[in-house]
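Before any comments, here is the structure.
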Amino acid sequence: MGILNGIGIAIETSTLDGVPSGPAEETKFVIEVETTIGDLDFKIDVGLSAAQATAAGINFNVDWGDGSSDSGVTFDITHTYPSVDTYTIKIDGRFTMNGASMGTPNTYKIKKLKNWGTAECEMASLYRMFYKATFMTYEATDYPDVSNLYTGTGSSRTFGELFRDCEAITELDLTGWASNLGNANGFASMFFRCKNLESVNVTGWDFNVTGNINSIFREVGSLTTNGCKVIAPNVNQSNSNLFDYIFYFAKLHADTDITGWTLRAAGQRWLSTFYGTTGDYGANIDLSTWTNMKPTSLQSAFQGANSSDSSKVTINVTGMDTSICTTFQFFIKENNALTSFIGASGFTNTSSTIGIRQAFIKCKVLNISPSAPAANQFPATFWSGFGSQTVWDNAFSSFGTTTAYAPPTGFDNLDTSGGTQAKSMFSGTKFTSSPDLSSLDFSGLVAVGSAPQVRTFYAMFYLSSGITNIDARNWNFSNDAESLEYFARSSSIQTITFGSGFSANDFSGIASLKEMVRFSSVTSINWPTNADFSSVTTAQNFCSTSDVPMLTAQYDNFLTRINATNSNTGVTYSMGSCTYTGGGAVATARAAIVAAGNTIIDGGPV
Amino acid sequence: MARIEKDNPNRWFYGKIEGTGEDSLKVLGYIGLQGQTELETGLPILVTFFTEEELQTAVNTIADNPDYYKDQVELEGDAEYDSKFTGESGIYQVGLRASEIIEIPEKS
């Protein structure tokens with residue numbers, strides 16, 4: 001046991017048997033602070049109102065480490081140091097402080113947490129205690145006394161944001177806390193942005209509290225080389241309906257252990273839960289040992305990182321029950337390297353489901369086609385369960401871009417009947433064969449009416465490959481269809497049929513045919529004989545100059561309908577080398593279009 | 001009505017209305033190979049050229065902007081830029097500076 005010498009420094013003594021012991025065991029809460037030039041103050045802010053501080057029983061003694069001290073402190077207190085130096089502050093009593101309330105002029109001064117002082121310092125709250133103690137390292141080996149956390153505010157009983165933005169902490173072995181969590185009732189954002197954290201161990205912790213653990217490991221290890229080793233097996237979260245941002249942009253070490261988690265049986269929201277997660281474990285997320293995975297939302301749950309080209313490789317959600325999931329939008333978006341999504345074969349999808357927007361965008365190598373292993377396939381019924389989905393924008397953009405696969409089983413039954421917006425839906429999509437899209441239903445479209453590139457039907461199949469035939473005869477789109485600009489540009493599409501004779505498809509809202517089939521393989525476009533092109537203001541570069549995207553009869557019909565329905569002037573129709581029937585009604589119609597002040601480039605009469 | 005016949009060797013053109021400045025230009029570019037395509041316009045002024053360079057010089061003069069033609073070509077296809085260029089170019093890359101549209105900007 002150590003004793004204090006005359007100047008307050010612990011010195012070693014010897015035990016009776018001659019074996020030296022360590023310094024005296026610290027029994028108080030101890031932090032080290034460093035003052036700076038021009039700022040010699042350090043403020044402890046308890047983060048409570050005066051009345052709350054009284055109710056919480058705040059009453060602590062503080063040794064400032066410069067020879068001065070205060071006792072019986074019941075509220076905020078500021079101490080001014082004599083000079084720029086490093087000081088050790090020791091506190092006992094009933095205490096709390098709140099880094100967010102203290103502000104960075106104070107939290108940046110905290111350099112070390114040396115001891116929690118279990119025996120002498122009773123914590124009234126840990127909420128945000130070290131919030132933005134960005135330069136603080138962690139040396140404590142004991143645990144805080146949280147046996148009597150203040151219950152007067154919504155957050156005072158939580159460990160919420162306890163170490164938020166503590167970027168200098170590299171290791172947290174908190175297993176010693178496991179049996180001493182007192183009356184804590186929430187752990188949200190506890191390690192949020194501990195970016196240099198290389199390991200955190202909360203084995204044995206009881207997270208089954210009334211609060212949630214949202215964002216608990218958010219961004220941990222994101223600045224480390226190998227990621228953060230999160231050791232958190234058998235977490236029990238069976239009370240929380242929220243399961244959001246848990247590993248959002250966390251970089252997880254290969255040895256991460258998050259096996260055996262138990263979630264709320266009635267369901268839980270998975271908003272961005274593994275969004276942007278990286279590292280060796282982040283690349284192979286295996287949740288197959290989890291119980292009660294029953295998301296009410298999978299929005300962005302496994303979304304990749306926007307800037308990364310090597311996002312998650314494997315995701316295993318075997319056992320997940322999606323029967324009450326209301327949205328899948330963005331859920332595996334931008335996983336450029338994702339090859340396997342295991343467990344989707346058990347997915348159910350009901351007509352109440354909403355949200356598939358951008359769900360599969362940039363899943364460049366994901367094989368969910370009939371050729372994929374059964375566990376990696378989505379059930380056929382999955383695709384027909386989006387009847388209430390409104391926004392289909394980019395739903396399958398860049399899907400299979402690197403490696404093309406056959407369309408998924410059941411894809412022909414894609415239910416778009418509730419769709420109000422559908423731009424760029426298949427842009428960049430790559431299939432080995434053409435899916436049957438004849439049953440798509442766009443009767444519920446709503447005009448967007450904004451910038452050209454957000455208009456409905458804009459770039460629908462731009463850059464797609466493998467899709468060769470668009471049978472749109474029964475799409476039933478209304479006059480809220482706004483644009484066919486870029487519709488099939490640079491695609492492998494060969495034939496487009498909007499109508500054969502009379503059609504219910506309403507073209508009267510279509511303003512642009514610009515670049516519609518340019519650089520594509522289109523050789524046949526059937527427009528309905530009742531097509532109303534009254535809103536068209538441009539068909540510039542409809543196709544390349546040498547292309548013939550319409551047969552003569554089809555182009556005849558196009559010119560006839562333009563003349564019959566469009567009275568605009570100054571429109572440029574760049575129709576490549578399409579030819580029309582000369583010397584008759586079509587030639588007359590074409591001449592009338594030109595006479596109205598428009599320009600036509602085509603292959604001339606035949 | 002003015003026209004460029006299929007056999008006309010002048011394949012480069014601009015169409016404009018009366019007046020000066022870039023607003024008077026309504027369409028410009030290349031109509032395709034001789035013998036394959038033709039152009040007919042209701043615009044009051046149609047001027048044709050044998051080379052793209054000649055067209056470039058002419059429209060830059062009208063627009064009083066030495067980069068006008070280049071901009072029209074390289075921004076062709078940009079949804080936010082109302083390019084008047086049609087056809088192909090042998091001088092500049094069509095759409096080079098047009099914004100990438102495969103991923104529609106959108107908050108997630």
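General remarks:
- Placed amide H near A:Lys111: partners under 5 Å, 5+ positions off or other chain: A:Glu32, A:Val33, A:Glu34
- Cβ charges +1 (Lys, Arg) and -1 (Asp, Glu), total dipole of region A:79-126, debye: 180
- Between region A:405-438 and region B:1-43, the Cα center-to-center distance that results, in Å: 40
- Selection from A:Phe60, A:Ile91, A:Ala380, by position along the positive dipole direction of the protein assembly as shown (Cβ): A:Ala380
- Computed 3J(HN,Hα) for region A:123-136, one whole-Hz value per residue from the Karplus formula 6.51 cos²θ - 1.76 cosθ + 1.60 where θ = phi - 60°, is 7, 7, 6, 10, 4, 6, 4, 10, 4, 6, 7, 4, 9, 8, glycine and proline marked x.
- Charged side chains reduced to their Cβ positions (Lys and Arg at +1, Asp and Glu at -1) give region A:146-302 a dipole of some 480 debye around its Cα centre.
- Mean Cα-pair separation over length for chain A, i.e. relative contact order, pairs under 8 Å, 6 or more apart, %: 5
- Taking the DSSP beta bridges with both ends in the protein assembly as shown, the antiparallel portion is around 50 percent.
- Taken residue by residue and averaged, Cβ atoms of other chains lying within 10 Å of the Cβ of B:23-29 number 3.
- FRET efficiency estimate (nearest 0.05) - Cβ-Cβ, B:Ser99 to A:Asp412, R0 30 angstrom: 0.35
- Computed over chain B, relative contact order equals 26 percent, with contacts defined as Cα pairs under 8 Å that lie 6+ residues apart.
- Available extension along the chain between A:Phe75 and A:Leu223 is 49.6 nm, counting 0.36 nm per residue and deducting the alpha carbon span.
- Distance in nm between pseudo-label sites at A:Thr210 and A:Thr262 (7 Å out along the Cβ direction from Cα): 2.1
- Rounded if a/c under 1.5, otherwise prolate or oblate - region A:293-420, Cα gyration tensor axes: rounded
- Relative contact order [Cα under 8 Å, 6+ residues apart], region A:133-287, whole percent: 18
- Between 0 and 90°, nearest 10: helix A:552-565 axis offset from chain A longest Cα axis: 80
- 3J(HN,Hα) from dihedral phi, region A:502-516, Karplus parametrisation 6.51/-1.76/1.60, rounded to Hz, x for glycine, proline: 6, 9, 6, 4, 10, 8, 5, x, 6, 9, 10, 10, 4, 6, 4
- Region A:69-214 - charge dipole about Cα centre, Lys and Arg +1 at Cβ, Asp and Glu -1, debye rounded to 20: 380
- Beyond 22 Å in Cα-Cα separation lie the following of the pairs A:Lys195/A:Lys364; A:Lys364/A:Lys514; A:Lys430/B:Lys84; A:Lys111/A:Lys195; A:Lys112/A:Lys251; A:Lys362/A:Lys514: A:Lys195/A:Lys364; A:Lys364/A:Lys514; A:Lys430/B:Lys84; A:Lys112/A:Lys251; A:Lys362/A:Lys514.
- Tensor-based shape of the protein assembly as shown (alpha-carbon gyration tensor, a/c under 1.5 rounded, otherwise prolate or oblate): prolate
- Between 0 and 90 degrees, the angle of helix B:52-63 with respect to the longest Cα principal axis of chain B falls at about 80 degrees.
- Here the Karplus curve 6.51 cos²θ - 1.76 cosθ + 1.60, taken at θ = phi - 60°, turns the phi angles of region A:398-411 into couplings of 6, 6, x, 5, 7, 10, 7, 10, 5, x, x, 4, x, 4 Hz, with x standing for Gly and Pro.
- Three-way shape call for region A:444-602 based on the alpha-carbon gyration tensor, with the a/c threshold at 1.5: rounded
- Relative to the longest principal axis of the Cα atoms of chain A, the long axis of helix A:585-595 makes an angle of roughly 60 degrees.
- The sum of -39500 (n - 2.57) across all DSSP H runs of n ≥ 4, divided by the residue count of chain A, sets its helix-only mean residue ellipticity at 222 nm to -2000 deg cm²/dmol.
- Cβ-Cβ FRET estimate between A:Ser521 and A:Thr318, R0 fixed at 35 Å, reported to 0.05: 0.30
- For A:Asp244, distant residues with modelled amide H under 5 Å away: A:Asn214, A:Ser215, A:Leu271
- Between amide H atoms placed 1.01 Å from N, distances below 5 Å from A:Phe159 occur with A:Asn185, A:Gly186, A:Phe187, A:Ala188, all of them 5 or more places distant or on a separate chain.
Since every read-out is calculated from the coordinates, none of them should be taken as a lab result. Owing to the predicted nature of the structure, the values given are computational and were not obtained by experimental measurement. In this analysis, Cβ positions are derived from the backbone assuming ideal geometry, glycine residues included, and neighbour counts consider all displayed protein chains.
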